[in-house]
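Data block below; observations after.
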Amino acid sequence: YSVERRIKVAMRRAEHRLLAAEAALADFPEHAPAGAGEALDRAWGDVLFNQFHDLLGGTCIERAGLLAAAELGAAESAAEEMLTAVTRRASRRDARPGEHRLAVYNPAETEFRGLVAAEPWLAWPAERCAVLDEAWRAVPAQAIEARSLTRQAGLLLDLAVPRRGRRLLTLVET
């Protein structure tokens, strides 16, 4: 028996992103870009095509494995693009000039409770950032190293987000 971890990880990542994108489209249908359903259908087609037993078991030739990983990465990317477009459009109504706001969406059917990493664009160092919830209560947050080379730091938030729900946070300089 053999295993192809790279393909299995890419498969799960693509599946989960596609499910999240579908949930966002269901929750915010008025914010769906043109052709959203067709784009997700194409991405699901790539995911399903690459569930062939020789790929998942690792008995395919190297070139086939590389191609499968690329197709799964493209499917994940398409889902991420859709999820970002829909949730950003849905959050426009919450924008406030001069305020830094962060919308956190949970596409799952269960409540999320845990740590959320974010890399907001701030005009001040993340170490001087306070995060406030909808009732202006402090949300536990810590500055962390950014994954992006274009940002100096990120934030790690301790947060609960209801099933298929959103949290709208405000970031202020301390």
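The values are calculated or read from the model by the stated rules, or taken from the named source; none is laboratory data. Predicted, not measured: the structure shown is a model, and the values here were computed from it. Cβ atoms come from the backbone with ideal geometry, glycine included; neighbour counts cover every protein chain shown. SASA here: full protein model, heavy atoms, side chains in, ligands and nucleic acids out. Shrake-Rupley method; radii C 1.70, N 1.55, O 1.52, S 1.80 Å.
Of note, ASP94 satisfies the criterion of being at pLDDT below 95 and open to solvent by 20 Å² or more (accessible area, probe 1.4 Å). When the residues of segment 51-80 are filtered to those that are free of Cβ contacts under 8 Å to residues at least 24 places away in the same chain and of a type outside the set (A, V, I, L, M), the one that is most open to solvent (accessible area, probe 1.4 Å) is ARG63.
One line per residue, one yes/no per condition, for (1) assigned to a strand (DSSP E or B); (2) farther than 19 Å from THR84 by Cα:
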{"site": "GLY98", "(1), (2)": "no, yes"}
{"site": "ALA108", "(1), (2)": "no, no"}
{"site": "GLY114", "(1), (2)": "yes, yes"}
{"site": "GLU127", "(1), (2)": "no, yes"}
{"site": "VAL131", "(1), (2)": "yes, yes"}
{"site": "GLU134", "(1), (2)": "no, yes"}
{"site": "GLN142", "(1), (2)": "yes, yes"}
{"site": "SER148", "(1), (2)": "no, no"}
{"site": "LEU159", "(1), (2)": "yes, yes"}
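Residues in segment 1-21 that are among the acidic types (Asp, Glu) and touching a residue at least 40 places away in the same chain (Cβ under 8 Å): GLU4 alone. Against the definition (at pLDDT 95 or above and of a type in the set (Ser, Thr, Tyr)), how does THR59 come out, yes or no? Taking the combined requirement at face value, the residue does not satisfy it. The condition (being open to solvent by 50 Å² or more (accessible area, probe 1.4 Å) and basic (Lys, Arg)) is satisfied by just one residue among ARG167, ARG101: ARG101.
Taking segment 26-50 only, how many residues are of a type in the set (D, E, K, R), touching a residue at least 24 places away in the same chain (Cβ under 8 Å) and under 14 Å from GLU15 (Cα atoms)? Count: 2. The residues of segment 26-43 that are open to solvent by 50 Å² or more (accessible area, probe 1.4 Å) and either hydrophobic (A, V, I, L, M, F, W, C) or part of a loop (DSSP other than H, G, I, E, B) (or both), listed by number, are ALA26, ALA34. Here THR170 does not qualify as part of a helix (DSSP H, G or I), polar (S, T, N, Q) and modelled with pLDDT of 90 or more.
Take THR59 and decide whether it is polar (S, T, N, Q) and not in a helix (DSSP H, G or I). Considered against the rule, which asks whether it is polar (S, T, N, Q) and not in a helix (DSSP H, G or I), THR59 comes out as yes.
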